[in-house]
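The next block holds one structure in the form of structure tokens; read it before the comments.
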Amino acid sequence: MSATTQVTGSISAPGETDNPTSNPCIMLIFGASGDLTKRLLVPAMYNLACDGLLSDNFAVLGSAMDKLTTEEWRARMNEDIKKFHTRKEFDQAVWDKLVSRFHYIPAGFADLDAFQTLKKKVAELNEQHQAQGNVLFYFATAPRFFGLICDNLNKAGFREGAGWKRIIVEKPFGTDLESALQLNKEILVHWNEDQIYRVDHYLGKETVQNLLTFRFSNGIFEPLWNKNYIDNIQFNVSEAVDAEGRGGYYDQSGVLRDMMQNHMFQMLAYLCMEPPGSFASDSIRNEKAKLLQAVRAYTPEEVEKYVVRGQYGPQVDDTGKVLKPGYRQEKDVNPESKTETYAAARLHIDNWRWEGVPIYLRSGKALWKRGTEIVVEFKKAPEVLFRNTPCQGLGANRLIFHIQPYQGIEIQFQAKIPGPLMKIQPVHMRFGYGDAFKASRYTGYEVMIYSCSLGDGTLFSRGDLVEAAWRIAQPLLDSWKANPADFPNYARSSWGPKAAAELIKRDGRRWHEVVTEEVLKQVDLFKNGDMLFLSQVIMALKPMQTAKGETIIKKGDLGQEMYLIARGEVEILDDSGKVIKTLKDGDFFGEIALLMSTPRTANVRCKSSCDLFVLGKADFCRILHDHQQFAEGVAKIARERYNLKVNASNLIANA
Ligand code: BG6
């Protein structure tokens with residue numbers, strides 16, 4: 001166990017300088033000419049330097065196959081930092097000092113002579129910067145080189161001499177259980193487990209680190225944190241991005257390897273593990289590993305029952321024209337690829353605390369929004385009390401951890417609507433990081449470099465945890481390989497395959513969809529709304545489920561609400577019953593009714609069963625009343641986009 005065990009990743013708000021600096025060291029980066037170095041590592045070092053957290057006894061030696069000189073590498077970094085730094089203002093003086101400590105030597109990973117040259121250079125830099133013999137090796141390379149680099153580091157004599165030697169390795173750590181075991185073996189030939197720091201960049205996120213703080217520094221939640229009070233837990237990682245030109249890598253990976261086996265299982269472990277004996281690194285990591293070891297490894301039959309997968313197809317317009325390619329048409333992807341870009345699963349944690357509590361996970365690419373949330377849904381209060389009142393059923397209490405892009409924590413509960421009758425509405429309390437703290441300007445890698453230099457492994461994966469995570473994923477990989485799926489099965493920009501909704505519906509539950517400000521801004525009306533306005537609109541959205549064939553809007557009726565499709569398809573029909581347009585997940589309709597009381601101009605019918613969000617006019621006007629500056633803007637949009645004459649003060653007066 002490391003000597004410095006207090007740091008759990010939070011290195012204070014950027015800008016504060018009451019923390020110790022990182023330890024002296026020479027950082028030797030393999031893969032220094034690649035993407036990770038310029039996009040994340042160097043901006044992270046720059047952030048540490050700006051915040052006074054980087055030791056003065058620090059230098060970087062970059063290495064890669066590219067035949068660059070130190071001057072050429074610095075010149076590249078000078079360009080790249082301008083693009084990738086994350087601060088409002090760029091501090092040239094801090095950067096100049098940092099980049100003057102950057103050096104570069106080309107080396108093939110199999111070239112022992114080159115490693116000997118690296119060794120000499122590290123020794124020289126160590127002298128020059130008084131780095132106490134400490135060396136941090138950063139493997140920003142493909143995992144197939146890890147073993148080779150370790151061997152050559154050993155042969156070149158890097159393990160010898162005073163000072164600590166630590167290795168940071170990037171994900172993916174193996175591509176399945178067997179390769180992960182093999183990789184661990186190769187690295188551990190020359191290095192000890194406490195010298196290996198396996199990166200999972202989700203552990204660098206403040207909102208993820210805060211899961212532990214939230215659970216263990218607040219007295220009111222832990223007593224409820226078990227099967228007696230919690231009905232189910234949902235982990236959702238939706239990505240709007242597609243394969244992003246990384247088809248070559250992604251097609252060998254898929255969402256299970258890329259997101260679930262690492263990032264999502266890390267969050268699962270934090271949320272569900274037992275309280276550690278202390279916040280010491282190994283104490284926390286023991287509990288995390290224990291938790292993942294308690295997750296049931298599925299039989300092929302259980303995989304079939306509890307897991308679904310998907311792959312996105314193209315986005316097409318009403319005429320069938322392809323607007324954006326499907327996964328199989330992406331660069332470097334096999335045109336018949338069976339790789340999953342989406343997965344949803346129900347997991348079982350077979351221990352005393354969680355037995356019987358469904359743990360749902362879902363993640364995918366090319367979905368309609370970006371958002372990572374963890375929803376803890378509590379058991380409902382008995383409804384019988386409210387019989388003979390106008391209250392129509394109670395919602396569940398939910399505790400929602402908003403990981404990104406919105407960062408916050410929310411509690412949902414029921415409140416009485418002011419008035420003479422017992423009417424109830426869900427409301428929420430929200431804590432936003434941006435309101436309470438200075439917004440973080442960090443990339444997530446700062447804390448990795450910083451805590452590794454201090455010998456704190458808390459934010460890194462230990463070998464046993466990685467293996468436990470692969471043990472859960474392996475049966476899924478095996479079953480999927482044996483039974484190729486019928487892909488594609490969800491459209492780009494949708495909410496994913498229908499099978500995912502059915503998976504949870506079978507248990508009598510539904511995914512809790514978190515509507516974000518970004519999503520609302522897709523509707524012209526809300527484009528210019530500020531955060532407060534949009535967040536009030538979000539709380540006013542009411543879920544509604546409709547059956548296939550049901551009519552939602554009848555032509556001629558006076559509309560009083562707009563609809564947002566969370567899942568399903570609706571058809572807009574003309575007088576003769578002909579379908580004019582089909583709308584699906586992520587689309588909106590009926591928004592004009594919020595502005596004007598005019599009869600609906602078409603019929604809208606459900607093509608499939610649908611999950612919808614409804615925003616009523618009364619709520620909309622009430623919110624406008626509280627945000628009068630926005631009413632003028634709404635009237636303007638109505639004029640410009642819908643050619644409607646709307647009087648802003650009438651809207652407010654309707655409240
Ligand atoms: C990476 C995956 O590990 O995490 C990417 O390889 C994914 O495919 C990314 O997009 C998501 O990270 P974040 O921080 O944007 O949620």
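The values are calculated or read from the model by the stated rules, or taken from the named source; none is laboratory data. In this text the structure is predicted, and so the values were computed from the model without any measurement. Please note: Cβ atoms are built from the backbone with ideal geometry, for glycine as well, and neighbour counts cover all protein chains shown. Side chains are part of the model used for accessible areas, which takes the heavy atoms of the whole protein and leaves out ligands, DNA and RNA. Shrake-Rupley method; radii C 1.70, N 1.55, O 1.52, S 1.80 Å.
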Under 24 Å Cα to Cα from LYS578, which lysines show up? Leave out anything in the same chain fewer than 8 places away. LYS321, LYS548, LYS554, LYS555, LYS607
Tell me, rounded to the nearest percent, the portion of alpha carbon pairs in the stretch 538-591 spaced more than 14 Å apart. 59
For the pair ALA110 and ARG639, what calculated FRET efficiency results from E = 1/(1 + (r/R0)^6), where r is the Cβ-Cβ distance and R0 = 60 Å, to the nearest 0.05? 0.30
Cα convex hull of the chain: mean projected area in nm², to one decimal? 32.0
So if a site counts as exposed when it's one of the GluC sites (Glu not before Pro), its DSSP state isn't H, G, I, E or B, and it has at most 14 other Cβ atoms within 10 Å, what's the longest stretch of the chain without one? 356-549
Which percent of Cα pairs goes in each bin when the distances of the stretch 285-345 are cut into 5 angstrom slices starting at zero? 4, 14, 14, 14, 14, 13, 10, 9, 5, 3, 1, 0
Quick one: which residues, 5 or more positions from LEU644 or on another chain, have an amide H under 5 Å from its amide H? H modelled 1.01 Å from N in the peptide plane, none for Pro or chain starts. ARG639
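Can you list which of the chymotrypsin sites (Phe, Trp or Tyr not before Pro) found in the stretch 252-361 are DSSP loop residues with at most 16 other C-beta atoms within 10 Å?
When the chymotrypsin sites (Phe, Trp or Tyr not before Pro) of the stretch 252-361 are filtered for loop state and at most 16 Cβ neighbours within 10 Å, PHE279, TRP352 remain.
Accessible area per residue of the chain at 1.4 Å probe, in Å²?
It amounts to 43 Å² per residue over the chain.
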Packing rank of 576-583, 610-617, where each peptide gets the mean count of other beta carbons within 10 Å, highest leading: 610-617, 576-583
Dipole magnitude of the chain, debye to nearest 20 (Cβ charges: Lys/Arg +1, Asp/Glu -1, about Cα centre): 1440
Quote the convex hull volume per residue of the stretch 295-393, based on C-alpha atoms, as a whole number of Å³. 218
Using only the alpha carbon atoms of the stretch 170-237, find the Kirkwood hydrodynamic radius as the inverse mean reciprocal pair distance, in angstroms to one decimal. 15.5
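I want to verify the translational diffusion coefficient of the stretch 239-372 in µm²/s; compute it with Stokes-Einstein, Rh as the Kirkwood radius over Cα pairs, at 25 °C and 0.890 mPa s.
Numbers: Rh = 16.8 Å.
The Stokes-Einstein estimate is 146 µm²/s.
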At R0 = 25 Å, FRET efficiency that the Cβ-Cβ distance of ALA415 and ALA436 yields, to 0.05: 0.60
So how long is each side of the stretch 63-145 along the principal axes, counting just the alpha-carbon atoms, biggest first, in Å? 42, 31, 22
Between LYS505 and SER576, Cβ-based FRET efficiency (R0 45 Å, step 0.05) works out to 0.85
Taking the Cα centroid of the stretch 516-542 and of the stretch 310-340, what is the distance between the two, rounded to the nearest whole Å? 30
The stretch 57-100 to the stretch 280-303: how many Å between their Cα centroids? 40
Let me see the P(r) profile for the stretch 124-274: every Cα-Cα distance counted, bins of 10 Å, each bin given as a percent of all pairs. 8, 29, 28, 22, 10, 2, 0
Whole-Hz Karplus ³J(HN,Hα) for the stretch 563-577, in order, using 6.51 cos²θ - 1.76 cosθ + 1.60 and θ = phi - 60°, x for Gly and Pro? 10, 10, 8, 7, 7, x, 10, 10, 10, 9, 10, 8, 4, 7, x
When the accessible area of the chain is computed with all protein chains present and a 1.4 Å probe, what percentage of it is carbon and sulfur? 51
Once ASP478 and ALA381 are pulled to full extension, the length gained, defined as 0.36 nm per residue separation minus their Cα-Cα distance, is 30.8 nm
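So, by mean Cβ neighbours within 10 angstrom, what's the order for 129-138, 415-424 with the highest one leading?
Working: 129-138: 20.1, 415-424: 10.8.
By packing density, highest mean first, the sequence is 129-138, 415-424.
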Whole-percent tail of the Cα-Cα distance distribution for the stretch 476-527, cut at 18 Å, equals 58
Euclidean distance between Cα centres, the stretch 239-274 to the stretch 460-500, Å: 9
Just the number: Rg to Rh for the stretch 404-536, Cα atoms, Kirkwood Rh, two decimals. 1.06
Sorted largest first, the Cα spans of the stretch 337-473 on the principal axes come out in Å as 62, 39, 38
Note the direction-averaged projected area, equal to a quarter of the hull surface, for the Cα convex hull of the stretch 523-646, in nm². 7.2
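Quick one: net charge around LEU573, please, counting Lys, Arg +1 and Asp, Glu -1 for every other residue with C-beta under 12 Å from its C-beta.
Summing Lys and Arg as +1 and Asp and Glu as -1 gives +4.
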Per-residue ³J(HN,Hα) for the stretch 136-146, Karplus 6.51 cos²θ - 1.76 cosθ + 1.60, θ = phi - 60°, Hz, x for Gly and Pro: 10, 8, 10, 8, 9, 10, 5, x, 5, 8, 4
Net lengthening on full extension, MET531/ARG296 (0.36 nm per residue, minus Cα-Cα): 80.5 nm
Restricting the stretch 17-125 to chymotrypsin sites (Phe, Trp or Tyr not before Pro) in coil, as DSSP defines it, with at most 14 other Cβ within 10 Å: PHE90
